[in-house]
Amino acid sequence: METMRWQDDCLVLLDQTLLPGEVRYIQCRDVDTVCAAIRRLAVRGAPAIGAAAAYGLALGARSLDCADSQSFLSRVREIADRLAATRPTAVNLHWALRRLLDKMTAALPATPQQLKELLLAEARAIYDEDYRANQAMGRHGAELLPEQAGVLTHCNAGALATAGFGTALGVIRAAHQQGKKIHVYADETRPLLQGARLTTWELLQEGIPVTLLTDNMAGYLMALGKVDAVIVGADRITRNGDVANKIGTYSVAVLAREHGIPFYVAAPLSTIDLSLASGQEIPIEQRAPEEVTCIGGVRVAPAGVEVWNPAFDVTPARLVTAIITERGVYRPPYTETLPALFAQDC
Ligand code: MRU
């Protein structure tokens with residue numbers, strides 16, 4: 001199932017809000033449609049948002065009619081600002097836009113037409129690289145899992161959240177393909193149920209054994225000895241190894257520590273933000289109260305109740321056993337291992 005594709009000068013996105021009930025694609029012919037799709041989580045998951053924003057910028061740039069490159073460049077920067085404002089936490093979005101803008105600046109002097117082609121080529125490269133990164137992450141991460149294991153995951157860090165294969169689910173996929181007997185426990189992931197709707201859907205399609213549980217059941221499951229490892233994705237990892245991921249991840253990490261279970265984070269280099277010293281600096285997205293007061297469009301809380309709805313939380317580095325990237329598995333002290341990872345030759 002393709003999360004997105006570029007087709008006939010149009011970005012086609014799988015509408016993940018409708019899954020698993022309906023498979024429908026959105027035709028994005030302008031930047032506003034891409035921005036709206038990112039905001040309402042039609043496309044979601046840090047790497048997928050990054051690739052969609054990159055294609056969105058290429059799409060917006062194609063509609064510009066500028067005689068000179070300087071005015072083209074400033075209009076493209078405005079479009080990038082609009083895309084960047086859609087979601088604050090996943091750094092892949094900002095990383096991808098920055099990569100396209102830098103590429104364009106480095107190509108000057110070039111004609112607007114040449115820059116348009118360059119932006120599209122770079123968006124395609126981001127998408128393709130993400131797929132390869134996930135496969136590499138899968139190979140590295142699978143080595144951490146025993147021949148037989150119960151693996152708990154939170155939210156959806158699968159093919160749907162990336163260009164394909166997935167980060168956390170990529171590790172699980174790779175281990176399954178190697179013949180390891182992996183049983184996945186998927187947290188439903190309130191409020192928007194990415195675990196219940198998307199993770200289970202992906203795994204069932206591939207015949208990977210999966211059991212769904214509500215978020216508040218994870219502790220008891222661990223106490224019963226059913227979980228050998230936790231693997232999650234990430235929206236942003238700071239220089240010290242703190243990890244922003246879907247709300248509820250921190251609680252899972254605390255539970256894993258209490259039960260002596262390894263807590264792994266699988267994420268590409270595009271999710272690591274060395275410019276931030278710690279997780280306290282990560283902007284955390286706050287979302288609409290209706291996501292909490294309603295389930296599947298049905299109101300479950302009294303009208304007028306005050307709601308707190310952060311979309312992400314931060315897991316401190318001390319709870320993270322290892323970070324799995326496309327370049328290998330990195331362990332504490334992250335203040336040393338993460339910067340060294342970027343210095344390393346590919
Ligand atoms: O709000 P979402 O659905 O975009 O949140 C997604 C997550 O938190 C994922 O775990 C994270 O982006 C990693 S996806 C490979």
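Odds and ends about this structure:
- Distance between the pseudo-spin-label points of CYS10 and GLN27 (7 Å out from Cα toward the beta carbon): 0.2 nm.
- Peptides 145-155, 208-218, ordered by how many other C-beta atoms sit within 10 Å of their residues on average, highest first, read 145-155, 208-218.
- Proximal charge balance of VAL23 [Cβ under 12 Å; K/R count +1, D/E count -1]: -2
- Whole-Hz Karplus values for the stretch 299-314 come out as 5, 10, 10, x, 4, x, 5, 6, 10, 10, 9, x, 7, 9, 9, 10 Hz, taken residue by residue from phi with 6.51 cos²θ - 1.76 cosθ + 1.60 and θ = phi - 60°; glycine and proline positions read x.
- Remark: the stretch 7-14, residue by residue, has Karplus-estimated 3J(HN,Hα) of 8, 6, 6, 9, 8, 9, 10, 6 Hz, where x stands for each Gly or Pro and the curve is 6.51 cos²θ - 1.76 cosθ + 1.60 at θ = phi - 60°.
- Where SER251, SER69 fall by accessible area, highest first, once all protein chains stay in place (1.4 Å): SER251, SER69
- Nonlocal amide H pairs with THR211, under 5 Å, H built at 1.01 Å: VAL184, TYR185, ALA186
- Helix-only CD estimate at 222 nm, as mean residue ellipticity for the chain, using -39500 (n - 2.57) per DSSP H run (n ≥ 4): -12500 deg cm²/dmol
- For the stretch 4-135, the dipole from Cβ point charges (+1 on Lys and Arg, -1 on Asp and Glu) about the Cα centre works out to 320 debye, to the nearest 20.
- For the stretch 140-343, the spread of Cα positions along each principal axis, largest first, Å: 52, 40, 34
- Accessible area expressed per residue, the chain, with surrounding protein chains retained (probe 1.4 Å, Å²): 41
- A cut-off of 5 Å between modelled amide H atoms, ignoring neighbours fewer than 5 places along the same chain, links THR315 with VAL243, ALA244, ASN245.
- Centre-to-centre, using Cα atoms only, the stretch 239-278 and the stretch 29-68 are separated by 28 Å.
- Heavy atoms of HIS94 accessible to a 1.4 Å probe, total area in Å² rounded to 10: 60
- Among 304-312, 192-200, sorting by the average number of other beta carbon atoms lying within 10 angstrom of each residue, highest first, gives 192-200, 304-312.
- The stretch 87-121 and the stretch 316-337 have Cα centres lying 29 Å from one another.
- Within the full protein context, the accessible area of PHE342 is estimated at about 80 Å² for a probe radius of 1.4 Å.
- Rounded percent of accessible protein surface that carbon and sulfur make up, the stretch 140-343, 1.4 Å probe: 55
- Global form of the stretch 4-135, assessed from the alpha-carbon gyration tensor, a/c cut-off 1.5: prolate
- Relative protection proxy for 238-244, 317-323, from highest mean packing down: 238-244, 317-323 (other beta-carbon atoms within 10 angstrom).
- Label-point separation in nm, GLU336 to LEU64, each point 7 Å along Cα→Cβ: 4.5
- Considering only alpha-carbon pairs that sit under 8 angstrom and 6 or more positions apart, the relative contact order computed for the chain is 16 percent.
The values are calculated or read from the model by the stated rules, or taken from the named source; none is laboratory data. Since the model is a prediction, treat every value here as computed from it, not as a measurement. Cβ coordinates were reconstructed from backbone atoms using ideal geometry, including for glycine residues, and neighbour counts include every protein chain displayed. Note: areas computed on protein heavy atoms with side chains; ligands, DNA, RNA excluded. Shrake-Rupley method; radii C 1.70, N 1.55, O 1.52, S 1.80 Å.
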